[in-house]
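A short worksheet on the structure shown next.
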Amino acid sequence: MATTSSFLNTPTKTPTSTSISKKHHHKQHAADPNRSSSEFKDRFEAYNRIQAAAVAFGEKLPIPEIVAIGGQSDGKSSLLEALLGFRFNVREVEMGTRRPLILQMVHDQSALEPRCRFQEEDSEEYGSPVVLASAIADTIKSRTESLLKRTRAAVSSKPIVMRAEYAHCPNLTIIDTPGFVLKAKKGEPERTPDEILSMVKSLASPPHRIILFLQQSSVEWCSSLWLDTIREIDPSFRRTVIVVSKFDNRLKEFTERWEVDRYLSASGYLGENTRPFFVALPKDRGTISNDEFRRQISQVDAEMLHYLRDSVKGGFDEEKYRSYVGFGCLRDFLEAELQRRYKEAAPATLALLEQRCGEVTTDLARMECKINATSDVAHLRKSAMLHAAALCNHVEALIDGAADPAPEQWGKTTEEERLESGIGSWPSVTAEIKPPNATLRLYGGAAFERVMHEFRCATYSIKCPPVSREKVANILLAHTGRGGGRGITEAAAEIARAAARSWLAPLLDTACDRLAFVLGNLFDISIEKNHGNDSNNGHRPVDMEGYIGFHAALRQSYNHFMKDLSKECKQLLRHHLDSVTSPYSHVCYENNFIGSFSSGTNSMYQLNQATASPLCLELSDGGAALRKEAMKDQENVPPEKSAQETTPGKVTESRDALRECQMTVPETPSPDQPSDGNYGIKRELGNCVEVGARKRQPRITGNARNHGQNGESLLFGNGDNISRPVSTYAEICSSAAQHFARIREVLVERSVASTLNSGFLTPCRERLFVALGLNLFAVNDEKFMDMFVAPGAIDSLENERQSLQKRQKILHSCLNEFKSVARTL
């Protein structure tokens, strides 16, 4: 269906002309009397045919036309009936119609009764004649209601074309527009007045159109509602004909000549070169014959002139204003003005017709090639490869950063990405994640980076989950028989590894899915970008429209490529996660003791203090309260001693005197027994120095004790904490949280970003076209042609060819007819 901008808005230049004024009016009345009326009619018919073709095929031709504009009560409907020479209840139509009406009036001496025909919708053909006048109004109403219902709009600028052949109408074409209204009718949307105003402006804007503006005489120029609208369209009134309607209502106010002349001149409001017409029409709306209707029109003109000449003292300036008073003067002027413009526009119209005929011929030849190419395998392969290559180039450009097509239309916000992808929020993340620019509509590389940042925010919002005492006990106590003194450290590290594998793995998978969705959206954007770039550059795109099978296969191959990338990235990230959470990874032990040397830091000292005897640590909630009671019943366990009661040198000597193999560990130790401070230090230090020379242990330990006596410990902090009981469960949870944070940081900062970039973006730049080519084109001809078995596409091409052939025939006919008319000019 052709839109109105196709056949009504014609932004082309017309021959320069002076304003419509008295000078032209007299010139047209003084035209060559020998010029035959048949020349006018031939020219008029030629333009009518061009106009019909323009409406049907959406041609943009600068045909001189008259556009009637006015308020709904300014007499526009009565003027149209008077021009036609018969009534068909156009007043009722105007109150209900919301579409323009193109009235093609053809003066035919043989048509004693009006012959009206409507042009078929979306065709240049006209229907059968409409005999009854009432049927004309019904047809206009029904066509308007049908189109508005189909388009779900309040108004439509698609015109209705009616051709009226009559012996008493002039050769004139007028585009009747819906009347301006201040308020919508009952049942209409509130925006209807604004839509009517906008549509009328667009219809009157092309410079090749004459504006016929009506305003009733009871409205003063200074208070005109719609005159400013006309000034916006035609500021100097160069192509505007102003008509003061219902002039008989104002006549009785004039008694002196100067009053009449002042009013008729419209001095100070319309300019010196603008002369309005003053008309009045019969007020009798009863059922009368067409002959009586025309007689009444002539009678009203005569009565107005009689009043101005006889009832006004001194009459009026007939030499200056006589040709502007009365409907007959307006009708003759419009017909002569339109014919003059037809003649002036003939050379440009002829040249444009020749150009359009050449373009249609070229389009028809190209269409023939397309139809022939539907069975040419080599041509289809070439076209399909070019289409796929263009798609891949646009995907790369969008990843690198682009703002075309419009991100406002094609981009997505973070919330839209979550909803449309079906992924939703990040797993196990309770906090609301709002990355920067979350409300902006982004696509391509910008959206990719936003998801990456959102992943970082989601990952760093997760803390090491709490672990039950039972789990801690099962992990910690299992290290009893393994030897060594790093039981608590190993237990905390194992808890952190398990938490990282459990909580970070779903986040990694979600990040891959979200990024695959972002890149998957680039398919439709690239198709749109391909169409936009080809049209902007003036190039005709590789036409693959209609081949549904090929487009489906291309989309499927693209989506499959993105899914494969997502799967590969998930596997790579799982590998990195397994690496940093492996027992052989040193991530948990990096900088393990560096912090303990800094001043004011004793957390690692507390941890090391508690690692001496895992079986002697209490992990239950009631351990602290039951410690003293349990100590009473235990044998072979030395009582607790404070740091002050124990001589550091003595303790050191006794501990150093015993080798590790000579130490005795109780067979059934009590879980309530607190760890001895000195023993814990010895064991932990011994464990730390085992990588070096064992013989230096006593010296190192002794130095540590000596420092402890002075109130400070270089390695463990304040010695007062040595005798203080330690909450083993809290220490393990704290240590596990530190290990978890370290694992998370190493994984995110060292592995994830580089893996996702190299796993998604690099393949899209380097491997996408190869992957699409292997899937689509690395097949035999028979399988390849299966994608192009599209009867619907071939039928569409055939229909388009038939339309072009019909259009070519009509335009060539108009061209030949116009050439004949041009020879008589």
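The values are calculated or read from the model by the stated rules, or taken from the named source; none is laboratory data. Treat the numbers as computed from the prediction; the structure is a model and nothing was measured. For neighbour counting, all protein chains shown are included, and Cβ atoms are generated from backbone atoms with ideal geometry for every residue, glycine included. Ligands, DNA and RNA are stripped out before the accessible areas are found, and what is left, the full protein with its side chains, is counted by its heavy atoms. Shrake-Rupley method; radii C 1.70, N 1.55, O 1.52, S 1.80 Å.
Please tell me if ALA378 is surrounded by fewer than 19 Cβ atoms within 10 Å (Cβ to Cβ) and assigned to a helix (DSSP H, G or I).
Numbers: surrounded by fewer than 19 Cβ atoms within 10 Å (Cβ to Cβ): yes; assigned to a helix (DSSP H, G or I): yes.
Here the answer is yes, as ALA378 does meet what is asked.
Could you please let me know if ARG238 is in contact with a Ser or Thr (Cβ under 6 Å, 6 or more places away or on another chain), open to solvent by 70 Å² or more (accessible area, probe 1.4 Å), farther than 22 Å from GLY75 by Cα and of a type outside the set (A, V, I, L, M, F, W, C)?
Details: in contact with a Ser or Thr (Cβ under 6 Å, 6 or more places away or on another chain): yes; open to solvent by 70 Å² or more (accessible area, probe 1.4 Å): yes; farther than 22 Å from GLY75 by Cα: yes; of a type outside the set (A, V, I, L, M, F, W, C): yes.
Yes: the conditions hold for ARG238.
Just to be sure I understand, how many residues within region 465-491 are closer than 20 Å to VAL587 by Cβ and either at pLDDT 80 or above or not in a loop (DSSP other than H, G, I, E, B) (or both)? Working first, answer last.
Applying the first criterion (closer than 20 Å to VAL587 by Cβ) to region 465-491 yields 465, 467, 475, 479, 484, 486-491.
Of the ones still in play, those that are also either at pLDDT 80 or above or not in a loop (DSSP other than H, G, I, E, B) (or both) are 465, 467, 475, 487-491.
So the answer is 8.
Would you confirm, using the coordinates I've provided, whether ALA496 is at pLDDT below 90 and closer than 21 Å to CYS457 by Cα? Before the answer, list the steps.
Details: at pLDDT below 90: yes; closer than 21 Å to CYS457 by Cα: yes.
In short, yes.
Scan region 260-304 for residues that are exposed (fewer than 15 other Cβ atoms within 10 Å of the Cβ), among the acidic types (Asp, Glu) and in contact (Cβ under 8 Å) with a residue 12 or more places away in the chain and report the count.
2
Can we say GLY520 is out of contact with any helix residue (DSSP H, G or I) (no Cβ under 9 Å at 6 or more places or on another chain) and either within 24 Å of ARG441 (Cα to Cα) or modelled with pLDDT of 90 or more (or both)?
Details: out of contact with any helix residue (DSSP H, G or I) (no Cβ under 9 Å at 6 or more places or on another chain): no; either within 24 Å of ARG441 (Cα to Cα) or modelled with pLDDT of 90 or more (or both): yes.
The answer is no for GLY520.
For region 780-798, check the following and say yes or no: at least one residue is at pLDDT 80 or above, touching a Pro at 6+ places or on another chain (Cβ under 9 Å), within 30 Å of HIS560 (Cβ to Cβ) and not acidic (Asp, Glu).
So far as region 780-798 goes, no, none of its residues is at pLDDT 80 or above, touching a Pro at 6+ places or on another chain (Cβ under 9 Å), within 30 Å of HIS560 (Cβ to Cβ) and not acidic (Asp, Glu).
Residue-by-condition table, conditions (1) of a type in the set (Ser, Thr, Tyr); (2) within 30 Å of GLY85 (Cα to Cα); (3) in contact with a helix residue (DSSP H, G or I) (Cβ under 7 Å, 6 or more places away or on another chain):
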position: GLU232; (1), (2), (3): no, no, no
position: SER236; (1), (2), (3): yes, no, no
position: LEU264; (1), (2), (3): no, yes, yes
position: SER267; (1), (2), (3): yes, no, no
position: VAL279; (1), (2), (3): no, yes, yes
position: PRO282; (1), (2), (3): no, yes, yes
position: ASN290; (1), (2), (3): no, yes, no
position: ARG294; (1), (2), (3): no, yes, no
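Between residues in region 504-518 that are part of a helix (DSSP H, G or I) and residues that are open to solvent by less than 40 Å² (accessible area, probe 1.4 Å) and among the acidic types (Asp, Glu), which pairs lie under 9 Å by C-beta distance while being six or more apart or on different chains?
Going by the 9 Å Cβ cut-off, the qualifying pairs are ALA511/GLU454; ARG514/GLU417; ARG514/GLU454; PHE517/GLU417; VAL518/GLU417.
Report yes if GLN109 is of a type outside the set (Lys, Arg), modelled with pLDDT of 80 or more and within 41 Å of the chain's Cα centre (by Cα), otherwise no.
Details: of a type outside the set (Lys, Arg): yes; modelled with pLDDT of 80 or more: yes; within 41 Å of the chain's Cα centre (by Cα): no.
No.
Could we say that ASN372 is modelled with pLDDT of 80 or more, over 30 Å from PHE277 (Cα atoms) and open to solvent by 70 Å² or more (accessible area, probe 1.4 Å) here?
In short, no.
Please give the number of the condition ILE196 fails out of (1) more than 38 Å from the chain's Cα centre (by Cα); (2) farther than 13 Å from LEU101 by Cβ.
(1)
Return the only residue of SER535, SER603, SER596 being open to solvent by less than 20 Å² (accessible area, probe 1.4 Å), modelled with pLDDT under 70 and among the polar types (S, T, N, Q). Please lay out each step first, then the result.
Values: SER535 fails: open to solvent by less than 20 Å² (accessible area, probe 1.4 Å); SER603 fails: open to solvent by less than 20 Å² (accessible area, probe 1.4 Å).
It is SER596.
Name the residues in region 398-412 that are open to solvent by less than 30 Å² (accessible area, probe 1.4 Å) and out of contact with any Gly (no Cβ under 7 Å at 6 or more places or on another chain), would you?
In the first step, residues of region 398-412 are kept if they are open to solvent by less than 30 Å² (accessible area, probe 1.4 Å); the result is 398-399, 405, 411.
Within region 398-412, GLY411 is the sole residue that qualifies.
Yes/no matrix, rows are residues, columns are (1) open to solvent by 30 Å² or more (accessible area, probe 1.4 Å); (2) in a loop (DSSP other than H, G, I, E, B):
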residue	(1), (2)
HIS387	no, no
GLU396	yes, no
ALA431	yes, yes
PRO436	yes, yes
ARG456	yes, no
